[in-house]
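Let me begin by presenting the structure, written as structure tokens, before commenting on it.
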Amino acid sequence: MPISLRFARRPALALGLAAVLVGTTGCRGAALAAGSDPATARANLDGLTTGFEYRFTNVTRSRKVQQSRLRMARYAFAPSKVVGDTSVWTGLRTSRSGAERRVEYQGRFVGNRYVFEAGSNLPVPSRLGDQRHDISLTQRASDLWTWQTAVEHHVGSMPPGRMEDMIKALFASAERPAQALRVDYRAASPRSMAVVGRMVRLDSIFTVPQNDGSTLITLQMRVDSEGIRPWFPAYARFLAKYVEPSRYRYRLTDNTGAEWFDARAVNRVLTMRFRSLRGELLPINRSATGAPPRMPDTLNISVDALAKFGPWMVGVTELHGEFVHIDTPRERAWAMRFTREPKWHLPLFAEKMLSSAIKSPFEGSGTYFKLGLRTGPDGQTLSERVLNTHVRESAIMRFLGSLGFTAMSDFAGQVEDEENRLFVELMQAMRRDGAAILGGGDTGP
């Protein structure tokens with residue numbers, strides 16, 4: 001569903017920036033893990049940060065892309081309203097089950113602008129920063145539709161396995177006394193912290209050594225949009241309205257009930273808990289005896305997600321699914337599939353509209369989301385996001401769609417421009433911090 005893939009990163013921005021904050025405490029180890037030697041690591045980090053910097057620099061969209069984007073967002077939960085609009089699609093077919101529609105976008109960095117244009121049968125991104133968006137809508141029955149969305153982004157040449165090495169280095173860096181982490185937090189990556197620190201503050205660090213040599217780590221970070229208001233006033237207002245009041249929790253457990261990771265956000269405070277031994281996660285709530293247990297490739301993920309829309313908190317709790325760590329020579333990714341209906345939290349008047357249609361995203365193959373890196377056909381590294389889900393049209397689904405579109409309408413324009421500028425600043429700062437650690441030029445302020 002296109003609106004979900006684009007807009008889902010907005011409420012989770014605090015989690016993303018907080019993760020960057022955590023990363024700065026172990027930046028040296030993570031930077032060195034990006035390659036087999038400092039020069040290679042520097043090149044890999046430069047490609048990664050530059051690819052994302054390009055994507056968010058002075059973004060412009062052709063009229064076709066802008067029209068398609070807004071129309072799909074408006075009717076993501078009521079596809080019959082958009083299926084016949086030829087201004088939206090670049091491909092139209094009809095099968096036995098009904099309509100089949102497709103639209104493709106290509107993004108490229110040209111003349112200090114990132115330009116999106118529509119096309120057909122677009123190639124895999126071959127230049128640094130290039131993107132390909134492929135969105136399809138398929139009719140399964142008179143009122144049942146399937147959205148399939150895939151986004152590929154050229155982010156340089158870092159082998160996907162190196163990202164996993166960097167994550168392990170970050171976990172390992174936290175296996176130290178809290179005071180040592182605080183010192184690194186303030187000094188390891190000064191440019192990145194100058195950007196992130198305007199919005200996210202590390203409130204508390206607790207590290208508890210365990211008998212088996214592992215460390216139980218709890219980090220608490222506070223998100224405050226007031227810190228960016230002088231530079232990004234529209235974005236700060238958006239965060240205060242939609243993100244700061246939101247409540248989230250993400251938990252990973254295995255089939256025995258052991259908990260491997262826990263992150264929650266309440267009242268603008270994000271708390272992350274995990275247990276690490278030389279960078280490998282261990283169960284939080286169990287002491288290891290004998291050889292440390294290896295984290296299964298398949299875990300259970302539990303999600304609570306509630307966002308504020310006007311006077312209401314709307315969302316889901318007890319959303320349970322499968323979390324798979326994809327580990328192949330050419331790909332590292334996290335894949336999630338949700339096939340069980342969660343507990344819905346809706347305004348009282350909306351609950352009266354409830355019907356079986358609200359179960360449709362979790363029926364059959366359910367809702368599938370994948371995020372990761374893979375090696376492209378020409379050896380380039382591609383970040384990839386995939387989202388597949390189902391929609392059965394009904395009054396309740398139209399209501400949910402209207403909420404999402406209202407938030408997206410508030411985001412479009414100045415808010416999006418300011419978020420893009422903040423992200424570009426962060427990528428530039430991370431690249432310069434990496435250069436300072438690994439050696440090379442471009443280490444300015």
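The values are calculated or read from the model by the stated rules, or taken from the named source; none is laboratory data. Here the structure is a predicted model, which means the values were calculated and not measured. When we count neighbours, we look across all protein chains shown, and the Cβ atoms used for this are built from the backbone with ideal geometry, even at glycine. The protein model used for the area step is the full one, side chains on, heavy atoms only, and it has no ligands, DNA or RNA in it. Shrake-Rupley method; radii C 1.70, N 1.55, O 1.52, S 1.80 Å.
Filtered by the rule that a residue be assigned to a strand (DSSP E or B), closer than 17 Å to V314 by Cα and open to solvent by less than 20 Å² (accessible area, probe 1.4 Å), the stretch 240-264 gives no residues. Only residues that are closer than 25 Å to L45 by Cβ and in a loop (DSSP other than H, G, I, E, B) were counted in the stretch 189-216, giving 4. Restricting attention to the stretch 391-398, does a residue exist that is without any contact (Cβ under 8 Å) to a residue 40 or more places away in the chain and in a helix (DSSP H, G or I)? There is no residue in the stretch 391-398 that is without any contact (Cβ under 8 Å) to a residue 40 or more places away in the chain and in a helix (DSSP H, G or I). Checking R278, R294 one by one, the residue that is surrounded by fewer than 16 Cβ atoms within 10 Å (Cβ to Cβ) and on the phi > 0 side of the Ramachandran plot is R278 and no other. Looking at the stretch 63-87, which of its residues are closer than 14 Å to M397 by Cβ and in contact with a Pro (Cβ under 8 Å, 6 or more places away or on another chain)? Hit for the stretch 63-87 is A76, nothing else.
I want to confirm something. Restricting to the stretch 115-163 and keeping residues that are in a strand (DSSP E or B) and polar (S, T, N, Q), which single residue is farthest from R61 (Cα to Cα)?
Of all residues in the stretch 115-163, those in a strand (DSSP E or B) come to 115-119, 131-141, 144-154.
Subsequent filtering for residues that are polar (S, T, N, Q) retains 131, 136, 138-139, 146, 148-149.
Details: Q131: 13, S136: 19, T138: 25, Q139: 28, T146: 26, Q148: 21, T149: 18 Å.
If we take residues in the stretch 115-163 being in a strand (DSSP E or B) and polar (S, T, N, Q), then Q139 is farthest from R61 (Cα to Cα).
Looking across the stretch 69-92 at every residue that is in contact with a strand residue (DSSP E or B) (Cβ under 9 Å, 6 or more places away or on another chain) and among the polar types (S, T, N, Q), the one that is least open to solvent (accessible area, probe 1.4 Å) is identified as T90.
Among the candidates R198, R191, R237, which residue alone is over 20 Å from R28 (Cβ atoms), of a type in the set (K, R) and buried (at least 17 other Cβ atoms within 10 Å of the Cβ)? Residue meeting the stated conditions: R198.
Please pick out the residue among E384, E341 that is of a type in the set (D, E) and under 16 Å from the mean Cα position of the chain (by Cα). Every option except E384 fails the conditions.
I'm trying to understand the selection: among the residues of the stretch 385-404, which are surrounded by fewer than 18 Cβ atoms within 10 Å (Cβ to Cβ) and among the charged types (D, E, K, R)? Passing the criteria: only R398.
When each of T339, T406 is tested for being among the hydroxyl-bearing types (S, T, Y) and either modelled with pLDDT under 95 or within 23 Å of D130 (Cα to Cα) (or both), the lone residue that passes is T406.
Take the stretch 352-384 and flag every residue that is part of a loop (DSSP other than H, G, I, E, B), of a type in the set (S, T, N, Q) and open to solvent by 30 Å² or more (accessible area, probe 1.4 Å).
Selection gives S355, S365.
For the stretch 304-313, indicate whether the set of residues that are buried (at least 18 other Cβ atoms within 10 Å of the Cβ), free of Cβ contacts under 8 Å to residues at least 40 places away in the same chain and over 18 Å from the mean Cα position of the chain (by Cα) is non-empty. Scanning the stretch 304-313 turns up no residue that is buried (at least 18 other Cβ atoms within 10 Å of the Cβ), free of Cβ contacts under 8 Å to residues at least 40 places away in the same chain and over 18 Å from the mean Cα position of the chain (by Cα). Please pick out the residue among F338, F323 that is open to solvent by less than 60 Å² (accessible area, probe 1.4 Å), farther than 25 Å from L219 by Cβ, in contact (Cβ under 8 Å) with a residue 24 or more places away in the chain and of a type outside the set (G, A, S). Every option except F338 fails the conditions. Restricting the stretch 47-68 to residues that are in a helix (DSSP H, G or I) and of a type in the set (D, E, K, R) leaves a set whose member that is most open to solvent (accessible area, probe 1.4 Å) is R63. It is to be established whether one or more residues within the stretch 137-148 are touching a strand residue (DSSP E or B) at 6+ places or on another chain (Cβ under 8 Å), surrounded by 17 or more Cβ atoms within 10 Å (Cβ to Cβ), among the β-branched types (V, I, T) and closer than 19 Å to T50 by Cβ. Scanning the stretch 137-148 turns up no residue that is touching a strand residue (DSSP E or B) at 6+ places or on another chain (Cβ under 8 Å), surrounded by 17 or more Cβ atoms within 10 Å (Cβ to Cβ), among the β-branched types (V, I, T) and closer than 19 Å to T50 by Cβ.
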